[in-house]
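The values are calculated or read from the model by the stated rules, or taken from the named source; none is laboratory data. On a predicted model such as this, the values are computed, not experimentally measured, just so you know. Cβ: placed from backbone, ideal geometry, glycine included. Neighbour counts: every protein chain shown.
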């Protein structure tokens, strides 16, 4: 029988340096620094007191009744502790079910990146919307794109439906374009500009150089040049983007972009949206990045929320 994980503070799947409030059914927008005292989980009430019948005083050894009562009380206490510990163990209905970003569980190829199964639960079945519930945003899924059954690195992902043989590895397939959304983990960087400029190198390496197994599906990244770097408004918040044109050892290369902006929920952690668009035949033009950026919205349609508000954390 599956048990539901109780509301409480748990490590944020996208940023180990913070904890995020789990309301019993979904992640919320509430966050805090890691290491603070956990909200206590109250174990189930112990069974009603057990009455142990004792023989008349003259027929029992001295102290026997006290020993029996102490043993029974100890058994009840141990049972309550075990039940409380079981509640703290997180099964597939709670925070432990969120895959760690860099621990893929299913080998596949997409811009040289491993993929993992997508979460089974989604706040919307609309095929035209990609939901990043952890960060409280939605992204538009353009015509010719899809939300896959597997995700890149465990992050919300969408990619073009059409695939082709990877130019540097004919035994694998690649998509013409891929977009992912995630929480920024560089806690020492505070501005959208600094985060975007820091992330773009990793984004380019992940998309066009080596995957985690060392494969070079595009023959490796040979060179790059910056083609755009600017402030941009995303979902009503001021963000920053950096876009590179990338040349690869095989194929026509492509474009990669890191877009950073603050979330509108919780502690307003920075969000990173990564774009990887191939060049050449069948390619999606880089202007598609701008169209997706313009279509990013806050879940619920307001600047302050929409994510898991059924049970809020207790006041400090």
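On the stretch given as the stretch 136-182, residues that are more than 20 Å from residue 280 (Cβ to Cβ) and in a strand (DSSP E or B) total 13.
Can you tell me which of 157, 183, 151 is under 19 Å from residue 271 (Cβ atoms) and free of Cβ contacts under 8 Å to residues at least 40 places away in the same chain? Give the derivation first.
Numbers: 157 fails: free of Cβ contacts under 8 Å to residues at least 40 places away in the same chain; 183 fails: free of Cβ contacts under 8 Å to residues at least 40 places away in the same chain.
After ruling out the rest, the residue left standing is 151.
One residue stands out in the stretch 288-316 among those that are at pLDDT below 95 and assigned to a helix (DSSP H, G or I): the one that is nearest to the chain's Cα centre (by Cα), namely 299. In the set (1) outside any strand (DSSP E or B); (2) in contact with a helix residue (DSSP H, G or I) (Cβ under 8 Å, 6 or more places away or on another chain), the condition left unmet by residue 241 is number (1).
Could you list, in sequence order, the residues of the stretch 1-19 that are at pLDDT 70 or above and out of contact with any helix residue (DSSP H, G or I) (no Cβ under 8 Å at 6 or more places or on another chain)?
Once the filter is applied, which keeps residues that are at pLDDT 70 or above and out of contact with any helix residue (DSSP H, G or I) (no Cβ under 8 Å at 6 or more places or on another chain), the stretch 1-19 yields 7, 8, 9, 12, 15, 17, 18, 19.
The residue that is farthest from residue 263 (Cα to Cα), counting only those in the stretch 20-45 that are touching a helix residue (DSSP H, G or I) at 6+ places or on another chain (Cβ under 7 Å) and at pLDDT below 75, is 44. Just a yes or no: is a residue in the stretch 219-236 in a strand (DSSP E or B), under 21 Å from the mean Cα position of the chain (by Cα) and buried (at least 17 other Cβ atoms within 10 Å of the Cβ)? Yes: one or more hits.
Here's the yes/no breakdown for (1) more than 23 Å from residue 253 (Cβ to Cβ); (2) surrounded by fewer than 23 Cβ atoms within 10 Å (Cβ to Cβ); (3) at pLDDT 90 or above:
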| site | (1), (2), (3) |
| --- | --- |
| 144 | no, yes, yes |
| 152 | no, no, no |
| 164 | no, yes, yes |
| 170 | no, yes, no |
| 176 | no, no, yes |
| 184 | yes, no, yes |
| 188 | yes, yes, no |
| 191 | yes, yes, yes |
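May I ask you to list the residues in the stretch 230-261 that are closer than 18 Å to residue 133 by Cβ and at pLDDT 95 or above? 234, 261 - these are the residues of the stretch 230-261 that are closer than 18 Å to residue 133 by Cβ and at pLDDT 95 or above. Here residue 281 meets the list (1) modelled with pLDDT under 95; (2) surrounded by 15 or more Cβ atoms within 10 Å (Cβ to Cβ) almost entirely, failing just condition (2).
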